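J.: Mind looking over this structure? Questions follow.
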Amino acid sequence: MKKFYIIWLYLVMSFIFVEASLAKNLRPLYTIDACPLPKRQVEFRLGGSYSEGRWFPFEGHGTHRREAEFPSIDLMIGLAENIEADFNYSIIYRDSDRFNGGWHSGDLSIMGKVRIFKETNNTPTISIAISTKLPNSDYKRRFGTDEFDFFSILLLSKHIKGAYIFTNAGLGILGNPLTAHSQDDIFVYATGLCYQLKKSFIFMADVSGWAASNYKNNYSRLTVGIQWQRGPFRFDFGTRVGLNKQSEDWGILGGITYILNF
């Protein structure tokens with residue numbers, strides 16, 4: 001795992017140097033937009049979520065896990081013309097059949113996104129996102145796996161008439177906390193759309209998940225949400241439902257984003 005960590009961390013840090021097309025922050029969805037933030041734009045999101053019956057990686061469904069994240073903090077920075085860096089961290093509350101309820105630190109995730117091609121009349125915006133999850137959480141009490149995870153994802157986004165369509169597809173490498181020097185290679189996917197209902201309201205929906213796992217880490221969920229823009233603030237709220245046995249039963253999430261331009 002160390003060699004993977006060194007390679008992927010180098011790729012993430014190399015994205016610190018790239019006039020971007022207008023980016024759409026897709027929260028509360030899980031799809032990553034292909035358009036990076038404009039240069040010198042910063043977005044800070046404070047949010048929270050709750051999941052009922054959420055599965056835990058490498059342990060499967062059936063523990064009746066109830067999980068909340070609050071606060072969930074996202075920092076997104078437009079570093080250069082075609083480059084964006086994202087940081088995500090949360091505090092987690094967990095309660096299940098195996099463990100009493102409690103709060104603990106979640107994981108820090110770092111992502112670099114680079115746009116390769118701008119959208120044209122006939123082609124979508126095409127970007128690549130590289131991310132890593134650092135082992136900040138407690139595995140013994142099942143707040144996280146306490147392992148490095150790595151993801152490399154192709155991002156596509158396209159305006160089609162009044163809708164904005166987006167798709168993600170890529171590879172994930174999950175560190176296995178149950179077996180030393182072991183990992184789970186998965187296929188990561190997401191696809192969805194958003195549609196502007198009124199000047200300040202956007203309807204959004206996507207299907208996202210993991211597939212091709214060798215350790216029953218497959219899951220799939222449908223998320224539906226809205227965004228409301230008010231000056232430099234963006235409010236988002238969504239609900240999600242699991243589409244297979246490994247997924248959570250249901251969940252809700254929302255947040256407030258402050259947009260700052262330097």
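J.: Starting from the Cα of Lys198, step 7 Å along the direction of its Cβ; do the same at Asn136; then give the gap between the two resulting points in nm.
T.: If labels sit at Lys198 and Asn136, their model points lie 3.7 nm apart.
J.: If r is the Cβ-Cβ distance from Tyr258 to Asn214 and R0 is 41 Å, what FRET efficiency results, to the nearest 0.05?
T.: Rounded to the nearest 0.05, the efficiency is 0.50.
J.: Using each residue's phi in the range 243-255, evaluate 6.51 cos²θ - 1.76 cosθ + 1.60 at θ = phi - 60° and report the 3J(HN,Hα) Karplus result to the nearest Hz, with x for Gly and Pro.
T.: 10, 9, 5, 6, 7, 5, 5, 7, x, 10, 7, x, x
J.: Which value, to two decimals, describes the C-alpha radius of gyration of the chain once divided by 2.2 N^0.38 Å?
T.: Taking N as the residue count of the chain, the ratio is 0.98.
J.: In debye, nearest 20, what is the charge dipole magnitude of the range 130-262 about its Cα centre with +1 on Lys and Arg Cβ and -1 on Asp and Glu Cβ, if you could check?
T.: In debye, rounded to 20, the range 130-262 gives about 600.
J.: Please give the charge dipole size of the chain, origin at the Cα centre, charges +1 on K and R Cβ atoms and -1 on D and E Cβ atoms. Round to the nearest 20 debye.
T.: 480 debye
J.: Normalised by the residues of the range 27-151, what does the relative contact order come to in percent, with Cα pairs under 8 Å and at least six apart?
T.: 20 percent
J.: Another question, if that's okay. Under 16 Å from the Cα of Lys158, which aspartates and glutamates turn up, not counting those fewer than eight places away in the same chain?
T.: Within reach: Asp33, Glu119, Asp206.
J.: Take Asp249 and Ala205, extend 7 Å from each Cα along the Cα→Cβ direction, and tell me the distance between the two endpoints in nm.
T.: Once both label points are built, they end up 2.4 nm from each other.
J.: So, one more: Give me the percent of Cα-Cα pairs in the range 84-170 that sit more than 22 Å apart, rounded to a whole number.
T.: Distances greater than 22 Å cover 47 percent of the Cα pairs.
J.: Just to check I understand the Karplus step: with θ = phi - 60° and J = 6.51 cos²θ - 1.76 cosθ + 1.60, what whole-Hz values come out for the range 158-174, glycine and proline as x?
T.: Ordered by residue, 3J(HN,Hα) equals 8, 7, 10, 6, x, 10, 10, 9, 8, 9, 10, 7, x, 10, x, 10, 9 Hz.
J.: Hey, for a label at Asp185 modelled as a point 7 Å past Cα toward Cβ, could you say which residues of the range 214-247 have their backbone N under 18 Å away?
T.: Only 214-218 fall inside the zone, counting backbone N under 18 Å.
J.: Mind listing which trypsin sites (Lys or Arg not before Pro) in the range 156-214 are in a DSSP loop and have 16 or fewer other Cβ atoms within 10 Å?
T.: Lys161, Lys198, Lys199
J.: Also, quick follow-up: GluC sites (Glu not before Pro), restricted to the range 43-125: which are DSSP loop and have at most 13 other Cβ atoms within 10 Å?
T.: The qualifying sites are Glu81.
J.: While we're on this one: Determine the sum of side-chain charges near Phe151: Lys and Arg each +1, Asp and Glu each -1, restricted to other residues whose C-beta is under 14 angstrom from that of Phe151.
T.: -4
J.: Cross-link partners among lysines for Lys133, C-alpha distance below 17 Å, same-chain residues fewer than 8 apart left out?
T.: Of all the lysines, those that pass the test against Lys133 - Cα under 17 Å, at least 8 places apart if same chain - are Lys2, Lys3, Lys113.
Read-outs: derived from the displayed coordinates by stated rules, not from any lab. Predicted model only: the values in this text are computed from it and were never measured. No Cβ is skipped: glycine too gets one built from the backbone with ideal geometry, and neighbour counts run over all protein chains shown.
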